[in-house]
Amino acid sequence: MSTQTSTTDIKSPKRDGRLDLARGLALVCLYVDHLPGNFFSRFSLHAYGFSDAAEVFVLVAGISAGLAYCAVFDNSGWVEGIKRVARRIVQVYATHIMLIAVCATIIWLAASATHNREALQTDVFAFFGGTLGEEINHAITLRLQPHYLNILPLYVLLLAAVPLIVLLMRIHVAVLLAVSFGLWLLPRTLHWNLPSDLHSPGWFFNPLAWQLLFVIGALWGWAHRQGFSLPRSGLLAFAAASYCGFALVAVAPWAKLPMLAEWYVLPRDWLTPIDKQHLSLLRVLNVLAIAYLAVYFVPASAQWLDRAGARFLRALGRASLSVFAVSAIIDAFGWISWHAGGQSVAWQFMLIVLGVILMRATAYMVESPASVLRYTVLSVRRAAWRVRAAGL
C-alpha cells in the first residue's frame, strides 16, 4: 500500500510489513482490552479516538483479502478462488468452536474447583445459559458468541462474502460500493441483525454494518495489486490528522485521570450515536484516517520495520489466528483470576507480560514448527544421554 510503488513491486509476493505490524498491534490491544477491569486498557487504541482494535483488524483483513484472494480469483479462476476462501473459513470457524469449548471448560473447572459459582454467571462468556445440547447447537450456528470471541463469527461471514465482493467488483467498483453502503444502512433504518444469545439486539458486530469496512479494505488491497496507489497529498494528510485530532479531543482520554475527570472539551451527550454494533461512520472515518496517515508517513521500505519491536509485532500479525486463539484462552484465565481476587495493577501487568510472551511463542511455533520439533527432540535426546552417562 505504498504511495510510491512500481507495478513490479506491487506484484511481488513479498508481504507488506505494515499490514502485519498493524494486525499484531491490534491483537495485543484486543488481548489487553479483554482482560477484566484492566487498568492498562485505558492506554489502548480505543482511548485515543472513535475506533479501536476491532476496526483495525477488520480493515486489515479486508486489505489482505483484496491482496490475496482477489489475485487467486483473477489468476486461477473461480473454483480455485472459492476453494481458497473456503479453506480459510473452515480454519476460522473451527478455531471459534474450539475456543468456545476450551474457554467454557476452563471456566467450569475453575468454578468447580474453587466452588465459586460467580464465574459461571458472568454474561461476558455466557456459556452456561441453557442445556448442553442447546449451547452446542447455538455454538455451531454462531448464535453463541461470548463477548470476547465474537470477532471470529464476523470474520467467517466476511470471508464468505469474498466471492460476491469479487463478482460485484468485476461489474464495477461503484456497484460494489453502492451495494455495500446500502447494506450498511439496513441496520440503521430497518434494525436488521442476526440473532445472538448474549445480545438481544443481535450480533455485537452486526455483519451487515461491518462489511462496509471490510469491503473498503478489499478494494484497497485489490487496487494496490493492480498497480494503483493512494494519492500522496499533503492536503489529505492534513485532513486525516485533523480528524484524528478531533476524535482525540472528543473522547478526551485525559478525563480518565481522577484529577481531570471533568475536563471534557466537547459535550458528552453527542457521543452516544458512535455505536460499535452498527459501525458508526465516525468510527469508519477514524480508522481510515489513521490508515492513510500510516501509509503517508511510513513507506513499506522503512528501516524501523525491521527493528526488534516491529519484528515482534509483525510476527504476531503473520500468525494472527493462532495468536488470537492463545490470547483468548489467556483472557479466560484472566477472568478466573479476577473472580479469585487478582485485581491489582501489578497482577494485571504480569498477566499482560505473560500473555504477550505466550502470544509471541505461539507465533514462533506457527512459523517454525519443524525447528521447534527438532529442538524438542534434541533436548530429549541430550537429557537421555546425560542420564545414561551418569549411570542412572
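Some observations on this one:
- Contact annotation: residue pairs with Cβ atoms under 6 Å, 6 or more positions apart or on different chains, pairing a residue in the stretch 280-296 that is crowded, with 22+ Cβ neighbours inside 10 Å and part of a helix (DSSP H, G or I) with a partner that is of a type in the set (Gly, Ala, Ser) and at pLDDT 95 or above, are 289/240; 292/240.
- Residue within the stretch 253-262 that is at pLDDT 85 or above and of a type in the set (Gly, Ala, Ser) present: no
- Remark: residue 114 matches the filter, which requires a residue to be at pLDDT below 85 and either within 19 Å of residue 276 (Cβ to Cβ) or among the hydroxyl-bearing types (Ser, Thr, Tyr) (or both).
- The helices (runs of 4 or more DSSP H) found wholly in the stretch 127-211 and carrying at least 2 residues that are under 21 Å from residue 64 (Cα atoms) occupy 151-160, 162-171, 173-189.
- Hey, residue 248 at pLDDT 95 or above, among the aliphatic types (A, V, I, L, M) and at negative phi or not: no
The values are calculated or read from the model by the stated rules, or taken from the named source; none is laboratory data. On a predicted model such as this, the values are computed, not experimentally measured, just so you know. We place every Cβ from the backbone using ideal geometry, glycine too, and count neighbours over all the protein chains shown.
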